[in-house]
Every structure is written in C-alpha cells, then in structure tokens.
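One structure is given here, and the rest of the page talks about it.
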Amino acid sequence: MVSEALGASPRYLERLHTPDGTAGVLAQLVFMAARHLDDLHEQFADAAQYAASNLTRAATGKSSINSLGVLQNSATQIDILAARRADAVEHLKILIHAYRQVTTADQAAPSPARRPTIAPVRPEAAGATPIRVTPGR
C-alpha cells in the first residue's frame, strides 16, 4: 500500500529523512503502521485459512462436527481481525496523506540559502511614524 501510494517502501522512506524532523517522524510512523498492517493481515489470513480447512474437513465428512459448532470461536476471531485490519488500513491512509503533505511542503519551502533576509531595523527608523492601514481597502 505504501509502495503504491508513495513509490517507495516504508523502510526506504524512513532512511530518506533525519529522524528528528517532521518528515522523519512521519516516515517512522508510516513504517510502523505498515508493519502493523502486515502483521494483522497475516493473522487474518492464517485464521481464515484455518477456518477454511476446518469447514472443508467438515463438509467432506473427514472430521466429526462438534456440537458447539464447526467454527466455534474462529468466526469471532476472524471478525475481530478483519475489523482491526480495516482500522489499520485507515490509519495508514491518514499517515500516508500526512507524509505527503509534509514532504510536499518541505519541497516547496525555500532552502535556507535562498530564504529572503530581513534587514535589521535601523535606530532612526524605530522612531518613525507608523503607517496606518485601513482594513478592507
């Protein structure tokens, strides 16, 4: 998901920035969220595969059907993992969006060498009459 959205792996993003900067912190958060999503997806897939195997054995008559149900707690576990995975996807989308915003803003900001310098206030200008600006004009 990160590679498709940003064109780079989460690990690569983390290496692009200094860890103390805003982009670096967001890159670390994107990496951690992507790893968390991968873990949840793996747990979900394993639980679904286990349930599918149980259902297949029960449907083909290769195992006895438990009076408490074929899936027992597996269905609840799969539902919980699916919900957690969906939440992790949304969280990662938000982080990707934030990362894009910060890195786009960083690229648009002038570098320190090109930033306009503000001339210091001269002592004689400090006592000058202020200019009045009328709002709306």
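Roughly how many percent of the accessible protein surface of region 1-74 is carbon and sulfur, given a 1.4 Å probe and a whole-percent answer?
Working: 2560 of 4900 Å².
Of all accessible area on region 1-74, carbon and sulfur atoms account for 52 percent.
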- Message: Could you tell me the relative contact order of region 1-54? Use alpha-carbon pairs under 8 Å, at least six residues apart, and round to a whole percent.
- Response: 25
- Item | Solvent-accessible heavy-atom area per residue, rounded to whole Å², over region 1-62 at 1.4 Å | 64
- Item | From phi via Karplus (6.51, -1.76, 1.60), per-residue ³J(HN,Hα) for region 99-104 in Hz, x at Gly/Pro | 4, 4, 4, 5, 6, 5
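So how strong a dipole does region 1-92 carry about its Cα centre when Lys and Arg Cβ are +1 and Asp and Glu Cβ are -1, to the nearest 20 debye?
The calculation lands at about 340 debye.
The values are calculated or read from the model by the stated rules, or taken from the named source; none is laboratory data. In this text, all values refer to a predicted model and were calculated from it rather than measured experimentally. All Cβ positions, glycine included, derive from the backbone under ideal geometry; neighbour counts span all protein chains shown. Only protein heavy atoms, including side chains, enter the accessible area calculation; ligands, DNA and RNA are left aside. Shrake-Rupley method; radii C 1.70, N 1.55, O 1.52, S 1.80 Å.
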